[in-house]
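S.K.: Dropping the structure in here first, questions after.
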Amino acid sequence: MASIFDEATADFKSNTSESIDRLQNTMTSMAQQAKTRNRFSDEEAEFIRPVNETKNATLDRLDGIKSRILSRRPDSNASQKEKDDYRELLRYADEGMERLRGWIRNIFDKVLDIVREIIEWICEEIDFIDKMASQNSAGDSQKEPSSSNQATNQNYASRTLTIVQDQNEKKLPTLILRLQERASSGGNKIMNWIRSKNSTSEVADKDIEQYVTNNLENFKRELLENIENFQQTILSARPNPAMEQEDPETYRIRSENYRELLRLSTEIAKRMEESLDDILTKYEQYIENIWTAIRDKQDVEPIRRQFNESLNQNMNQYWKPVFDSADDFIQNINQKVISNNTQ
């Protein structure tokens, strides 16, 4: 007859065995989940690194620009000319910043449009592959990519560069007028003074300075939001891990395309960092040249034109390769589709 001790020992062994089995199952499940999570970790980390570097470097540069502008503030014993010169510097610094802000916003809008279109196109192209697989016995004419995808494959570089540059050129002559009208309708005396050389509004120096620095802070916040939006848009294209069990072939294709997208986006992030570094350097030079011209009573128009030209130069140097890479990306996937459908 078994003793109470023997029964307790048997129960302990049984419960321990069940607990060990549950623990093993849990650890196996966690390991599988970790494997799924880490499947793209290297490529994603390679993409996120230049994005974070761009955020940090750009915000530091903008803080430095603000300090440089404020370093020109005259002291209490300054002459009236020195005070007037500083007010003019604030005026042109704000004008250049608005120009730069609109240009960067335009760039991000177009880059995000391209990225979203590529992500959507990837999904559509996989659907097309599935459709062709189910219709494999049909004629060769059915193996051609759809007209919508052919349209997507039109040269991104020339199309997008032209759009952005045209929009920048159209915005240039109307920028100040538009802001003046907005100021007039809002009754903002500071903005009226900033935007209009002929404004007779009496505005305190500290109020003008605060207005300009607030605009710079808003610029920083908007730029950071644009960069983060770009990052989240790319990462949102990550294939759903559940698809690996449900549809392994589609998951494989989307995983390959996602890795290609990450490589393209990493290059975009690097170009973005280089572009912003270059254009903020040009803006710093613009501030210094404007300040020298104001103090020496020289014409500022050549300086303004030079800064505007530097925006288009930056576009061609840093962003044209990005759009060319987008072209190559689409063409490479097209070749994969054609290859898959002819096998």
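The values are calculated or read from the model by the stated rules, or taken from the named source; none is laboratory data. Please read these numbers as outputs of a predicted model, since none were measured by experiment. Neighbour counts run over all protein chains shown; Cβ positions are idealised from the backbone, glycine included. Please note that ligands, DNA and RNA were not included when accessible areas were found on the heavy atoms of the full protein model with its side chains. Shrake-Rupley method; radii C 1.70, N 1.55, O 1.52, S 1.80 Å.
S.K.: Residue by residue through the range 48-95, note down the ones that are surrounded by 13 or more Cβ atoms within 10 Å (Cβ to Cβ), among the hydroxyl-bearing types (S, T, Y) and over 30 Å from L235 (Cβ atoms).
M.R.: Within the range 48-95, Y86, Y92 qualify.
S.K.: Contact list please: Cβ distance under 6 Å, first residue in the range 215-233 and closer than 13 Å to I104 by Cβ and free of Cβ contacts under 8 Å to residues at least 60 places away in the same chain, second residue open to solvent by 30 Å² or more (accessible area, probe 1.4 Å) and in a helix (DSSP H, G or I), pairs at least six apart or on different chains.
M.R.: none
S.K.: Cβ-Cβ below 8 Å, separation at least six or inter-chain, first residue in the range 47-63 and touching a residue at least 40 places away in the same chain (Cβ under 8 Å), second loosely packed, with under 14 Cβ neighbours inside 10 Å: which pairs?
M.R.: Final answer for the pair search is K55/E228.
S.K.: Applying the selection to the range 277-299, what residues are open to solvent by 10 Å² or more (accessible area, probe 1.4 Å) and among the aliphatic types (A, V, I, L, M)?
M.R.: I294
S.K.: Go through (1) open to solvent by 40 Å² or more (accessible area, probe 1.4 Å); (2) in contact with an Asp or Glu (Cβ under 9 Å, 6 or more places away or on another chain); (3) not in a loop (DSSP other than H, G, I, E, B) for R221 and report which single condition fails.
M.R.: Exception for R221: condition (2).
S.K.: Which residue, of I118, I114, is open to solvent by less than 10 Å² (accessible area, probe 1.4 Å), farther than 30 Å from D296 by Cα and either at pLDDT 90 or above or in a helix (DSSP H, G or I) (or both)?
M.R.: Values: I114 fails: open to solvent by less than 10 Å² (accessible area, probe 1.4 Å).
Residue meeting the stated conditions: I118.
S.K.: Taking the range 236-253 on its own, how many of its residues are surrounded by 15 or more Cβ atoms within 10 Å (Cβ to Cβ), of a type in the set (A, V, I, L, M) and either within 20 Å of the chain's Cα centre (by Cα) or not in a helix (DSSP H, G or I) (or both)?
M.R.: Adding up the residues that qualify gives 1.
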